[in-house]
Amino acid sequence: MCRKIKSDYEAGCCFQIIAVSNWQLYQASHERKDMEAYADFLAGLAAGDKKCLGKNKKPDMLIIREKQLSEKEYLQLFMRIWEKSRKMGDGQTRMIPHTYLAAAERTGSGWLHLPFPLFQEYQESGALMDLQVGTSVHSVEEAKAAQELGAAYVTAGHIFATDCKKGKAPRGLEFLTAVCTAVTIPVYAIGGIHRGNLPLVYRRQAAGACMMSEYVLP
């Protein structure tokens, strides 16, 4: 991480880093490829285990985002990670389930991340109750609508080119600035973000950045 951001952290800067999980990326890059090992790895990230963090700092939040898993498979994984991390002691990183409301309900995590259309549906039906919910947005209009619907934060992207969105042009830093200035809730940049371009995100008034490969790849 660049010196400027590091010094601001030491001065109490609230710029936050969110680690985002990816089972397929983990399988392709780690020797142990079973789901139990993956749960151990993610629990280690949440607990700040140096063997799992590698050269990274402990993330401020961890979003378990596994679109390729069925709901049953996802719930099994999330419960494993939740239970394992709690056994590692206090001071856990905030762990946020993605998509599945049941994961938040069964663990009492208090948080949930949803794709924007699902966030709209759940919020309008009253299904989210007292949960703190973040949502993914891809336009300024969606960011404004998310704020009006009561989102706790938004992730805005994709900012840089990334293999996760192969063939799709990134929305870029100007888009990130536009979202950050359009809403008052925290905006976290996502998409192709790594230590090398993190300072560019920091300068765009974002509340933080989401990183996947930096945390999942060994």
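Every read-out reported here was derived from the displayed coordinates using simple, explicitly stated rules and does not represent laboratory data. Keep in mind that this is a model prediction, so the values were computed, not measured. Positions of Cβ are generated from backbone atoms using ideal geometry, with glycine treated the same way; all protein chains shown enter the neighbour counts.
Applying the criteria of a DSSP loop state and at most 10 other Cβ atoms within 10 Å to the trypsin sites (Lys or Arg not before Pro) of the range 116-170 yields Lys166. For the chain, the Cβ-based charge dipole about the Cα centre amounts to some 880 debye (Lys, Arg positive; Asp, Glu negative; other atoms uncharged). Net charge dipole, the range 57-132: roughly 500 debye, given to the nearest 20, about the Cα centre with Cβ charges of +1 for Lys and Arg and -1 for Asp and Glu. To the nearest 500 deg cm²/dmol, what mean residue ellipticity at 222 nm is calculated for the chain from DSSP H runs of n ≥ 4 alone, each contributing -39,500 (n - 2.57), summed and divided by the residues? Computed ellipticity for the chain at 222 nm equals -12000 deg cm²/dmol.
Taking 0.36 nm per residue of separation and subtracting the current Cα-Cα distance, fully stretching the chain between Arg32 and Glu73 would add 12.9 nm. Neighbour counting of Cβ atoms within 10 Å sorts the residues Arg203, Arg94, fewest neighbours leading, into Arg203, Arg94. For the chain, the residue among Ile64, Phe119, Ala206 whose Cα projects farthest onto the positive side of the dipole built from Cβ charges is Ala206. Since only Leu128, Met35, Ala104 are under comparison, the one whose Cα sits farthest along the positive direction of the charge dipole of the chain, derived from C-beta charges on Lys, Arg, Asp and Glu, is Met35.
Identify, among Cys164, Cys52, Thr93, the residue whose Cα sits farthest towards the positive end of the charge dipole of the range 3-216, taking +1 on the Cβ of Lys and Arg and -1 on the Cβ of Asp and Glu, with the dipole about the Cα centre. Selected residue: Cys52. By other beta-carbon atoms within 10 Å, ranking Arg171, Arg86 with the fewest at the front produces Arg86, Arg171. Calculated on the Cα set of the range 77-173, radius of gyration then Dmax: 15.3, 42 Å. Would you compute the Debye intensity of the range 3-216 from its alpha-carbon atoms alone, equal scatterers and no solvent, and pass along log10 I(q)/I(0) at q = 0.13, 0.14, 0.15, 0.16 Å⁻¹ to two decimals? For the requested q values the scattering log ratios are -0.73, -0.86, -0.99, -1.14.
Each residue in Asp163, Asp49 was given a count of other beta-carbon atoms within 10 angstrom of its own, and listing them fewest first yields Asp163, Asp49. Counting only DSSP beta bridges whose two residues both lie in the range 3-216, roughly 0 percent are antiparallel. Taking label positions 7 Å along the Cα-Cβ direction at both Thr184 and Phe15, the computed distance is 2.4 nm, reported to one decimal.
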